[in-house]
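Asker: Submitted below is the structure of interest, expressed as structure tokens.
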Amino acid sequence: VQLQASGGGLVQAGGSLRLSCAASGRAFSRSATGWFRQAPGKEREFVAAINWIGTSTGYADSVKGRFTISRDNVKNTVYLQMNSLKSEDTAVYYCAASKGFGIVEVTTGYGYWGQGTLVTVSS
């Protein structure tokens, strides 16, 4: 599975962005997928995850109610809709695919990673 994240950019606080993660490889449609982020000087942290078929999702407390993860297995793409952005959301965002079906909230549960896309929220 190869992953390509896109959609990052500069946005004002309170604004919205939608990140996309396009995947190649048939295994993607049978893999749970997650978004993680890493701010300068900090460890990579879990943001959101979705199971292989899109019927179950999980979110970090810091983004609940503001971010929504979804997937389109026909297009082999996972999305992260980010609303009400805050300056503390500034980070490089990575998508990742696991080797299993269910949601995983730790980096060690993922075997495939995209290259990351930078999100900068100005206050």
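Asker: Could you give me the ³J(HN,Hα) list for region 109-115, computed from phi with Karplus coefficients 6.51, -1.76, 1.60 and θ = phi - 60°, whole Hz, x at Gly and Pro?
Answerer: x, 10, x, 10, 10, x, 8
Asker: Along Cα→Cβ, 7 Å out, is where each label goes; now give me the distance between the ones at PHE101 and ILE53 in nm to one decimal.
Answerer: The answer from the label model is 0.7 nm.
Asker: Taking the Cα-to-Cβ direction at GLN4 and at ASN73 and moving 7 Å from each Cα, how far apart do the two end points lie in nm?
Answerer: 2.3 nm
Asker: Next question, about the same structure. Taking 0.36 nm per residue of sequence separation and subtracting the Cα-Cα distance, how much length would be gained by fully extending the chain between ALA39 and GLN115, in nm to one decimal?
Answerer: Gain on stretching ALA39 to GLN115: 25.9 nm.
Rule-based calculations on the coordinates, nothing more; no lab input. These numbers come from a predicted model, not from an experiment. All Cβ positions, even for glycine, are placed from backbone atoms using ideal geometry, and neighbour counts span all protein chains on display.
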